[in-house]
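Beneath this line is the structure, given in structure tokens, with notes to follow.
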Amino acid sequence: MYTIKFGTDGWRAIIAKDFTVDNVKRVAAATLSWLKQHRYNRVVIGHDCRFGGQMFLEEIAATLAKGGIQCLVSKGYVSTPMVSLGVLTHQADLGIVVTASHNPPSYNGYKLKSALGGPLLPAAIAEIENLMPDHVPSEPFSFQESLAKGWIEYVDLESEYIRHVQHHFKLDQIRTSVSLAYDAMYGAGQNVMKQLFPDMLAFHCSYNPGFDHLPPEPIERNLQEIMKHLAHHPGKYIGVANDGDADRVAFLDSSGNMVDSHHILLLLLYYMVVYKKQSGAVVVSFSVTNKLKKLADHFGLEYHTTKIGFKYIAEYMTTMDVLVGGEESGGLAIKGHIPERDGIWIALTLLQYMAETGKNLNELIEEVYKIVGPFQYDRWDLSLTDEKIREVKSLMDAGIATWGDQQVLNYENLDGHKYHFINDRWLLIRTSGTEPVLRIYAQAENKTEVLRLLNQAKQVLQV
């Protein structure tokens, strides 16, 4: 029997290999047992644009409905943040999203959201894993039968989300101040952005469950089309991209250059403190730049570092006053919204920042550099065999004192192996929690030094 385990952000597997109807029913049965143990009775369920989303949603809802759970299900595909907001709006006990987020198109997945509107906390996920049955539960009522009986009800999560956005942002000011180019990566953010910005320059804003054979992850190698267009029309557009379930965001400057999540986090913190006059803690994952701590210290703010996975950040956001939280991978959150990463919400926040100040991204970044200093960053993802990954782990566990000509000043192993060098340079080596990939992260004072660090890491690790 296939063992179902939740990674850094839900259970993900290849469709028709391990992500099957039978295995989805097993997860739904475990979720039902957990809900009944806690005397919960209402769930919001949605799916993104991947193959089989509606089918898997119906199997989950039918399983839960047979067990006496009221199921509020989305009309059509929706983003993960829309489900999280829907949990709060409808006072539900749990949210379920059928999505594999940024993974390649062959994957699908199962995310869980808490009653507070963010990721279900690790302890609760462990409880559900421990309730996983070995066999497929008995056949539930059909989805249509449960729908007819009122146990399952459709809700318009997308319209609810749009109304929420319209209440919080000065959309007319943004539309008149910023020319937007948007890449949905064929993901679940496309319909909302079309409605909010009907005149935007749109890329990959159509239904394509195969994602044109690219992983819907908003990183440089997957955004070449929009980057080249902006480079050929310098100064005309600001670029935004979301991942498959629109909980991550990437920005492109007016020349088509990527603005990584480290810089976006710095801009968010600067905007929230200097312009919005707000305060609170800063909580980020282990792979985020140390420049953010410098900025937090500059403002006298409490600072926390977590393992990689937004669920760890969400744990802070649901128990204390957090101003800004986020990950290197583009999952970012701010005070005043749900305790959830939300790619569209963060995009609107920075677009409003630009509209209010009349400055472009590069000008805003230069303001932050005056405090923390300039830097560049990159990440390489290496698809390796399981045997090679085990070799790398063994080498890392044995300890490495030097990386080429880089002398290690400090070492951390909260989640992976992180080495600090002179001039605020650092290198992080870790395996992905959602796919068979070795990730190498590097920061240095310029792009040349970043590439040198990455290449030195490959040589030392022999990959």
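The figures follow:
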| read-out | value |
| --- | --- |
| Potential extension, Asn360-Asn446 segment - 0.36 nm per residue separation minus Cα distance | 28.9 nm |
| Pairwise centroid distance, computed over Cα atoms, of the range 113-147 with the range 78-107, Å | 13 Å |
| Protection-proxy order for peptides 352-358, 162-168, 65-71, each taking the mean of Cβ atoms within 10 Å per residue, highest first | 65-71, 352-358, 162-168 |
| Where the range 95-195 is the region considered: accessible area per residue in Å², 1.4 Å probe | 41 Å² |
| The chain: C-alpha pair distances exceeding 40 Å, % | 18 percent |
| For the range 1-119, share of DSSP beta bridges that run antiparallel, in % to the nearest 5 | 50 percent |
| Rounded to 10°, Cα long-axis angle of helix 53-66 versus longest principal axis of the chain | 50 degrees |
| Global size of the range 361-457 as Cα Rg and Dmax, reported in angstrom | 14.8, 46 |
| Virtual spin-label span in nm between Lys5 and Ile371, 7 Å along Cα→Cβ | 4.0 nm |
| Antiparallel %, DSSP beta bridges [both residues in the chain], to 5 | 60 percent |
| Residue-level accessible surface for Lys294, protein heavy atoms, 1.4 Å, Å² | 90 Å² |
| Lys pairs under 19 Å by Cα in the range 1-159, provided they are eight or more residues apart or on distinct chains | 17 |
| Options Leu350, Ser106, Ser79, ranked by Cα towards positive dipole end of the chain, top entry (Cβ charges) | Leu350 |
| For the range 1-92, the Rg and Dmax computed from alpha carbons only, in angstrom | 13.0, 38 |
| Helix-only mean residue ellipticity at 222 nm for the chain, each DSSP H run of n ≥ 4 adding -39500 (n - 2.57), per residue, nearest 500 | -11500 deg cm²/dmol |
| Probe 1.4 Å, protein heavy atoms only - accessible area per residue of the range 334-457 in square angstrom | 41 Å² |
| Pairwise centroid distance, computed over Cα atoms, of the range 32-73 with the range 280-327, Å | 32 Å |
| Peptides ranked, highest mean first, by Cβ atoms within 10 Å: ranges 278-291, 183-196 | 183-196, 278-291 |
| Heavy-atom accessible area order for Glu160, Glu387, largest first, 1.4 Å probe | Glu387, Glu160 |
| Label-point gap, in nm, between Thr318 and Gln278 - each point 7 angstrom along Cα→Cβ | 2.0 nm |
| Distance between modelled label sites at Tyr411 and Ala124, nm, 7 Å Cα→Cβ extension | 3.8 nm |
| Extension gain from Asp212 to Gln144, taking 0.36 nm per residue of separation minus the Cα-Cα distance | 21.3 nm |
| Given Lys291/Lys393; Lys194/Lys335; Lys277/Lys418; Lys359/Lys447, the pairs whose alpha carbons are separated by over 31 Å | Lys277/Lys418 |
| Area accessible to solvent at Lys418, 1.4 Å probe radius, in Å² | 10 Å² |
| Gain in span if fully extended, Lys170 to Gln224, counting 0.36 nm per residue against the direct Cα distance | 16.4 nm |
| Computed accessible area, His298, all protein chains, 1.4 angstrom probe, square angstrom | 110 Å² |
| Whole-number Å³ per residue for the convex hull built on Cα positions in the range 294-354 | 101 Å³ |
| Cα-based helix-to-principal-axis angle, 386-398 vs the chain, degrees rounded to 10 | 50 degrees |
| Whole-angstrom gap from the range 335-391 to the range 164-196, using each part's C-alpha centre | 18 Å |
| Which of Asp321, Asp424, Asp199 is most accessible, then next, and so on - probe 1.4 Å | Asp199, Asp321, Asp424 |
| Lys/Arg +1, Asp/Glu -1 at C-beta; the chain dipole; positive extreme among Trp426, Val372, His47 | Val372 |
| Accessible carbon and sulfur surface of the chain relative to its total accessible area, %, 1.4 Å | 49 percent |
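The values are calculated or read from the model by the stated rules, or taken from the named source; none is laboratory data. Quantities reported herein were computed from a predicted structural model and do not represent experimental measurements. All Cβ positions, glycine included, derive from the backbone under ideal geometry; neighbour counts span all protein chains shown. Each accessible area value is taken on the protein alone, full model and side chains, heavy atoms only, with ligands, DNA and RNA left out. Shrake-Rupley method; radii C 1.70, N 1.55, O 1.52, S 1.80 Å.
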